[in-house]
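Remarks on the structure that follows.
The values are calculated or read from the model by the stated rules, or taken from the named source; none is laboratory data. Because the structure is a prediction, the values reported are computed rather than measured. All Cβ positions, even for glycine, are placed from backbone atoms using ideal geometry, and neighbour counts span all protein chains on display. Quick note on the areas: whole protein, heavy atoms, side chains included, nothing else; ligands and nucleic acids left out. Shrake-Rupley method; radii C 1.70, N 1.55, O 1.52, S 1.80 Å.
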Amino acid sequence: NRRVAANANTSGAGAVSVRGVDVGIDVNSNIETHIGGGAIMRVGDDLTVGAHSRNNVDADGYGKSGGLVGVGSTVINVTMRDRAVAMTDNASSSNRTQILGGSDLLFDATTSGYANLNAVGGAGGLLGYGSAEANLYLIDPLAQARLGNNTTVNSSNADLTVSTFLLQTAFVNVDQAVTGVLAGNFTRSIANMTGGQSLPRGVEMGPQA
């Protein structure tokens with residue numbers, strides 16, 4: 001589990017006041033659990049092969065500027081990459097991976113991400129210009145549980161579960177207030193996810209012991 005928090009604040013006043021807030025967060029989680037190809041696993045009771053990636057990100061930026069000329073800007077950029085893999089590696093047909101015995105066999109991969117972005121900007125004065133921008137990028141989240149090629153489960157009464165769970169939750173909030181005789185205002189929010197895969201893979205059951 002990983003939690004990342006960032007908070008930035010700035011304020012200013014004067015004849016000419018320029019204040020900017022930039023918040024940048026990059027989270028990269030790659031969790032993998034493997035059983036090597038060709039391994040022989042003798043299980044007495046339970047076997048769990050699990051990989052869990054859980055990331056929570058909170059990013060807050062507050063910028064305020066005032067004066068005869070006030071320029072205030074707030075920019076938040078957050079990038080998250082989550083990957084969880086639980087698997088047996090591929091094996092050759094002459095040297096198979098074998099899981100022998102056991103009653104509860106679980107291959108489980110979970111990827112869950114939570115992001116909360118708040119960008120607040122403000123400017124005031126005879127000439128006021130403000131901007132607030134929040135950008136969230138979820139890059140190819142993956143949850144994969146699989147039994148590789150040439151894997152055999154040999155058990156008389158095993159309960160085998162191969163499961164994946166992928167959840168990405170995002171909240172992006174932008175607030176901007178500008179006052180002045182001449183006022184300019186810009187706001188933008190982006191929440192973008194590319195890819196996103198939850199991939200369970202099948203199993204080959206060998207002859208019962």
Enumeration of residues in segment 15-74 that are modelled with pLDDT of 85 or more, open to solvent by 10 Å² or more (accessible area, probe 1.4 Å) and β-branched (Val, Ile, Thr): Ile31, Thr33, Ile35, Ile40, Val43, Thr48
Top-ranked residue in segment 127-184 [being among the hydroxyl-bearing types (Ser, Thr, Tyr) and modelled with pLDDT of 80 or more; ranked as surrounded by the fewest Cβ atoms within 10 Å (Cβ to Cβ)]: Thr169
Top-ranked residue in segment 88-108 [being part of a loop (DSSP other than H, G, I, E, B) and either on the phi < 0 side of the Ramachandran plot or modelled with pLDDT of 90 or more (or both); ranked as surrounded by the most Cβ atoms within 10 Å (Cβ to Cβ)]: Ala91
Considering residues of segment 44-59 that are of a type in the set (A, V, I, L, M, F, W, C) and under 18 Å from the mean Cα position of the chain (by Cα) only, the residue nearest to Asn173 (Cα to Cα): Ala59
